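The values are calculated or read from the model by the stated rules, or taken from the named source; none is laboratory data. Keep in mind that what you see is a predicted model, and the values were worked out from it rather than measured. Ideal geometry is used to build each Cβ from the backbone, glycine not excepted, and the neighbour counts take in all protein chains shown.
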Amino acid sequence: MKYIIVAGGVLSGLGKGITSASIGLLLSSKGIKTTLVKCDMYLNIDAGTMNPIEHGEVFVTHDGIETDQDLGHYERFLGKNLNRSNYMTNGQIYKDVLEKERALYYQGKCVEPYHHIPPEIIKRWEEAGRKNRAEVVIVELGGTVGEYEGLLFFEAARRIKLKKPKDIIFILVGYLPTPPSIGELKSKPLQQSISLLNSLGIQPDFIVARSEKAIDSKRKEKIFLASGVPVKHIIANPDLDCVYKLPPYLEKQNLSAMIANSLDLKFKSKDLKSWNDYIKKSEKSKSKIKIAIVGKYQNTGDYVLEDSYVCVNEAIKHASTSVGVKPEVIWINAESLEKKSSDEIKKYLSQADSLIVPQGWGSRGSEGKIKAVKFARENAVPFLGLCFGMQMAVIEYARNILNLKGANSVEIDPKTPHPVIHLMPDQKKYLEKNQFGGTIRLGAWPCVLIKDTKLKNIYNMHSDASSPWHHPNPLQKNQPLAINHQPLIHERHRHRYEFNMKYKKLFEKEGLTISGISPDNKLVEAIEIKNHPFFIGTQFHPEYLSRPLSPHPIFIEFIKASVRRQAARA
């Protein structure tokens, strides 16, 4: 098994994940079986309990682990499902070592970080390679070189280098700023991060130079003299207008061939055609559509943090390219809508061709989201509700069509007279014990699509057996693959509140269509309104399975509806 260790220097958020994913795509396109592992340095067991404003969007794998958003990038670039072996945190490592110590696994020895943590890290990297049947494991180390919480991960990599020097290479992704007052790329910050890496006993084999503009030969020469890394191994990675352009950009610099030479890999094929075709199609798209996303995690101080909804954003891009348009996302803070009148909201939201209410937790901004749903329903605006967004659509319908005054979710109002969204029965015991992490409904779950619904027609139009939403969760045993000879879809979930089945008949009587349901008929998975251009809510997260080369069908039809509305308004 070969290893590529990708580390970062100078600052976090440089794009190590996109760089790692791009290298994974390049090697995979050459017939090399490749997988990726993200190592996060915090002591959380997983990303599930972290606020999206703190850490960005939480991604969920098919087998149900809540991870860093880089796992989403990996899946989108590789075009395949990853699993819990592809993600690890410092917390997981220490937890396992301490549990082993309690079980006398170490036979009475003094258990120390330096001696016992690195072997556990290496074991997990090997396990990821085995479970994914990979020849090459690309390991992305979170944070930056020099942070003390990541030192033992670098030590694990150094020990592999000592034992198998020809089976591992190090890639340092570093930043070269261009101060406006100076007007040129400055290499000193990157040189300092190289020195920090050297102090850990590691010499980088490649340097990926992140910058606003491509690094020039003068700066490459400076880095070569300071680091000893060959000039041809110093790779430019400037800001691009689309992250999906990075793999071919790196390929033009011969990166995959140089990596193969360093690791003694033999290419078995060569095919980036589909990827390049996607890029060409995205560049041809000229006409724009405006999509409003009504969320509550994107605003942080004076800035908009799009990474809080990165999967939704990328799914919109994939589908828009498929349809042949360019999306313009309008970010709307749900709290800002709460005090606005219906007329003010109509004026405010009418700038958009369609509207998405994405995932969320808690009461903050919920009334603003409900008002946005009402606007979309009453004004025939294409609407897509995702998870919490579907729940807000159910509440809005209950209040304004069913006339259930005070209808709400018990998550928002525990004393609501009409709990149309309630706590899943098996979740109560977890909340009573404050067991929040890893206890919600996670991963891919089967769903029966109801006959003669828009949702079923959407999946029928765009699916085949290889589509990722037809793959069941590998950890769930005895799950049906079909009901009455009709294949089920398997979409990813992340929630603990659900549609209250006590109200199902009342909703259906008043025109709300239940378009997706669990095989045991206990859980509503999707709703829609028939006499509406496009009004769909899903308890699952279709955005998790959208990829550049296989856009999700729900998003494709949502974008088409947006285009139709724009044309009608024009």
| field | Residue tally, condition part of a loop (DSSP other than H, G, I, E, B), more than 27 Å from the chain's Cα centre (by Cα) and either within 30 Å of Ala407 (Cα to Cα) or assigned by TED's automatic domain parsing to the domain that holds Val394 (or both), over region 476-511 | value | 3
| said: When you check Gly143 against the structure, is it on the phi > 0 side of the Ramachandran plot, in contact (Cβ under 8 Å) with a residue 24 or more places away in the chain and surrounded by 18 or more Cβ atoms within 10 Å (Cβ to Cβ), yes or no? | reply: yes
| Count of residues meeting criterion [surrounded by fewer than 23 Cβ atoms within 10 Å (Cβ to Cβ) and within 17 Å of Ile356 (Cα to Cα)] in region 318-331 | 6
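Output the number of residues of region 512-567 satisfying the condition of being in a helix (DSSP H, G or I), of a type in the set (S, T, N, Q) and surrounded by fewer than 19 Cβ atoms within 10 Å (Cβ to Cβ).
So the answer is 1.
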| remark: Filtering region 394-447 down to residues that are assigned to a loop (DSSP other than H, G, I, E, B), of a type outside the set (D, E, K, R) and within 25 Å of Asn521 (Cβ to Cβ) yields Ile401, Leu402, Leu404, Ala407, Val410, Thr416, His418, Met424, Thr439, Ile440
| request: Give region 11-35 a look and list any residue that's surrounded by 22 or more Cβ atoms within 10 Å (Cβ to Cβ), closer than 22 Å to Ser193 by Cβ and either touching a strand residue (DSSP E or B) at 6+ places or on another chain (Cβ under 8 Å) or of a type in the set (Phe, Trp, Tyr) (or both), or say none. | output: Lys16, Gly17, Thr19, Ser20, Ala21, Ile23
| task | Being of a type in the set (Gly, Ala, Ser) and buried (at least 24 other Cβ atoms within 10 Å of the Cβ) is the filter; apply it to region 386-406 and report the residue that is farthest from the chain's Cα centre (by Cα). | result | Ala398
| message | Looking for something in contact with a Ser or Thr (Cβ under 9 Å, 6 or more places away or on another chain), crowded, with 20+ Cβ neighbours inside 10 Å and under 24 Å from Glu528 (Cα atoms) - is there at least one such residue anywhere in region 301-309? | response | no
| request: Identify the single condition in (1) of a type outside the set (A, V, I, L, M); (2) crowded, with 20+ Cβ neighbours inside 10 Å; (3) not in a strand (DSSP E or B) that Asn460 does not satisfy, given that it satisfies every other one. | output: (2)
| message | For region 48-71, check the following and say yes or no: at least one residue is in contact with a Pro (Cβ under 8 Å, 6 or more places away or on another chain) and of a type outside the set (A, V, I, L, M). | response | yes
| note | Tyr309 passes all but one of the listed conditions (1) assigned by TED's automatic domain parsing to the domain that holds Leu349; (2) in a helix (DSSP H, G or I); (3) in contact with a Lys or Arg (Cβ under 8 Å, 6 or more places away or on another chain); (4) not basic (Lys, Arg); the exception is number (3)
| Quick one: is Gln203 surrounded by fewer than 16 Cβ atoms within 10 Å (Cβ to Cβ), modelled with pLDDT of 95 or more and farther than 27 Å from Tyr87 by Cβ? | yes
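Against the condition at pLDDT below 95 and either surrounded by fewer than 22 Cβ atoms within 10 Å (Cβ to Cβ) or among the acidic types (Asp, Glu) (or both), how does Ile117 come out, does it pass? Please lay out each step first, then the result.
On the way: at pLDDT below 95: no; either surrounded by fewer than 22 Cβ atoms within 10 Å (Cβ to Cβ) or among the acidic types (Asp, Glu) (or both): yes.
Answer is no for this residue.
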| What number of residues in region 48-85 are surrounded by 24 or more Cβ atoms within 10 Å (Cβ to Cβ) and without any contact (Cβ under 8 Å) to a residue 24 or more places away in the chain? | 0
| query | What are the pairs, 6+ residues apart or on separate chains, where a residue within region 425-436 that is more than 14 Å from Glu411 (Cα to Cα) has its Cβ under 9 Å from a residue that is exposed (fewer than 11 other Cβ atoms within 10 Å of the Cβ) and of a type outside the set (Phe, Trp, Tyr)? | reply | Gln435/Lys429
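Please enumerate the residues belonging to region 466-493 that are farther than 17 Å from Asn81 by Cα and not aliphatic (A, V, I, L, M).
Once the filter is applied, which keeps residues that are farther than 17 Å from Asn81 by Cα and not aliphatic (A, V, I, L, M), region 466-493 yields Lys477, Asn478, Gln479, Pro480, Asn484, His485, Gln486, Pro487.
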| remark: Of all helices (runs of 4 or more DSSP H) fully inside region 207-269, the set with 3 or more residues that are in contact (Cβ under 8 Å) with a residue 60 or more places away in the chain, crowded, with 17+ Cβ neighbours inside 10 Å and in the same structural domain as Gly24 (by TED's automatic domain parsing) is 246-251, 255-263
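Looking for something among the aliphatic types (A, V, I, L, M), in a helix (DSSP H, G or I), under 29 Å from the mean Cα position of the chain (by Cα) and more than 19 Å from Ser308 (Cα to Cα) - is there at least one such residue anywhere in region 352-364?
Taking every residue of region 352-364 in turn, none turns out to be among the aliphatic types (A, V, I, L, M), in a helix (DSSP H, G or I), under 29 Å from the mean Cα position of the chain (by Cα) and more than 19 Å from Ser308 (Cα to Cα).
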